[in-house]
Amino acid sequence: MSKPERIHTALQILQPQHLELQDESHTHAKGYESHYKVVLVSPLFIGLNSLKRHQQVYAAMGELMKEIHALAIHTYTPEEWAELGSAPASPACGGSRK
């Protein structure tokens, strides 16, 4: 199973209503499958601040986090996603290629 497939599978525990996973490694100097962006919409995030939401994502990822240099996380409740409909671009990595 590829790393993106493993990430997607791991995040299913958060009952996503919408899940986007983008490999952004090509824009960074750390190499193949090192930088990802996840956009996750789940009712489990209702009533949680962004720190608690991110902690849930990290917990779901578990040991996979050791295989990733950077993970841009964008978490939304279904209501927030219905209002916004998209996530912001990921920040540039300090090791970015120019």
*Are any of the residues in region 85-98 among the hydroxyl-bearing types (Ser, Thr, Tyr) and modelled with pLDDT of 95 or more?*
no
*Got at least one residue in region 61-75 being touching a Leu at 6+ places or on another chain (Cβ under 6 Å), modelled with pLDDT of 95 or more, surrounded by 12 or more Cβ atoms within 10 Å (Cβ to Cβ) and under 16 Å from residue 8 (Cα atoms)?*
yes
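Quick check on region 36-45. Is at least one of its residues touching a strand residue (DSSP E or B) at 6+ places or on another chain (Cβ under 7 Å), charged (D, E, K, R) and at pLDDT below 95?
Yes; the residues of region 36-45 include at least one that is touching a strand residue (DSSP E or B) at 6+ places or on another chain (Cβ under 7 Å), charged (D, E, K, R) and at pLDDT below 95.
The values are calculated or read from the model by the stated rules, or taken from the named source; none is laboratory data. Quick caveat, the model's predicted, so the values are computed rather than measured. Glycine also receives a Cβ, built like all others from the backbone with ideal geometry; neighbour counts cover every protein chain displayed.
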